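Contents: one structure, followed by commentary.
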Amino acid sequence: MLLPIFRSASQARILAAAFLSTQVELSVQDLAARAHTPYATAHRELGQLLEAGLLCERRVGHVRQLRANDQSPFFRPLRDLLESAFGPVPLLHRALEHLAGVEAVAIFGSFAQRLADLPGPPPADVDVLVVGSPDLRAVYDACRQVAREVDRPVNPTVFSLQEWRSDDVFVDQVRSGSLVPILGQQILGDQAELTATAPGLW
């Protein structure tokens, strides 16, 4: 989808691995593996990204440790762009939109707070709300696949439509926090205040 913007699929995947990883620093080998890119290609792409100031490098013995340069003026807009294309929101949308019984999906918790620009530490996992009556195994399988792609746990919480509209204490807690809609915005918005919008989907 974003190949007209990036020079190649390899470059886009390497940038996503560097900017969206839960680890602050990664070796060239780690970045190549996460981007599903041959080492030689990753080495060349990373050299160009370092030269452009998008990445920082630190040497530990003979190992090069790289991270996204958060002092670059392009850091925030580039991270947001990569999040919209390669982060959990579009991946969850694709993974869950065709599952029978799924009526609404949203991200809540610390990752939703990040997408809403609220202060706090980088989120270690992704909490996913699923409303409806889907096959639970299919939901968990889909979330495990997304977890492998985004390199962090993806934890689904499934409510029936009746439970979502109830006065349950935990449901109230989810509704009152940051909630990023992915599917079924009208169902989610019946009682919840949508404090963030899924990037690139609305």
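The values are calculated or read from the model by the stated rules, or taken from the named source; none is laboratory data. Not measured: the values here are computed from a predicted model. All Cβ positions, even for glycine, are placed from backbone atoms using ideal geometry, and neighbour counts span all protein chains on display.
General remarks:
- Residue pairs whose Cβ atoms lie under 7 Å apart, sitting 6 or more positions apart in sequence or on different chains, and linking a residue in the stretch 117-139 that is farther than 15 Å from Val180 by Cβ to a partner that is acidic (Asp, Glu), are Gly132/Glu103.
- Top-ranked residue in the stretch 7-49 [being within 19 Å of the chain's Cα centre (by Cα) and part of a loop (DSSP other than H, G, I, E, B); ranked as farthest from Ser72 (Cα to Cα)]: His36
- Subset of the stretch 50-99 [part of a loop (DSSP other than H, G, I, E, B) and either within 22 Å of the chain's Cα centre (by Cα) or in contact (Cβ under 8 Å) with a residue 12 or more places away in the chain (or both)]: Gly53, Leu54, Asn69, Asp70, Gln71, Ser72, Pro73, Phe74, Gly87, Glu97, His98, Leu99
- Of all residues in the stretch 117-171, exactly one satisfies the criterion of being charged (D, E, K, R), more than 22 Å from the chain's Cα centre (by Cα) and loosely packed, with under 12 Cβ neighbours inside 10 Å, namely Asp167.
- Against the test of being under 30 Å from Ala33 (Cβ atoms) and modelled with pLDDT of 90 or more, the options Ala198, Ala138 yield a single qualifying residue, Ala138.
Yes/no matrix, rows are residues, columns are (1) among the charged types (D, E, K, R); (2) surrounded by fewer than 18 Cβ atoms within 10 Å (Cβ to Cβ); (3) in the same structural domain as Ala116 (by TED's automatic domain parsing):
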position: Glu51; (1), (2), (3): yes, yes, no
position: Leu54; (1), (2), (3): no, no, no
position: Val60; (1), (2), (3): no, yes, no
position: Val63; (1), (2), (3): no, yes, no
position: Asn69; (1), (2), (3): no, no, no
position: Leu91; (1), (2), (3): no, no, yes
position: Arg94; (1), (2), (3): yes, yes, yes
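- Filtering the stretch 40-55 for residues that are within 19 Å of Val150 (Cα to Cα) and out of contact with any Pro (no Cβ under 7 Å at 6 or more places or on another chain) leaves a non-empty set.
- Restricting the stretch 24-57 to residues that are touching a Ser or Thr at 6+ places or on another chain (Cβ under 8 Å) and among the hydroxyl-bearing types (Ser, Thr, Tyr) leaves a set whose member that is modelled with the highest pLDDT is Thr41.
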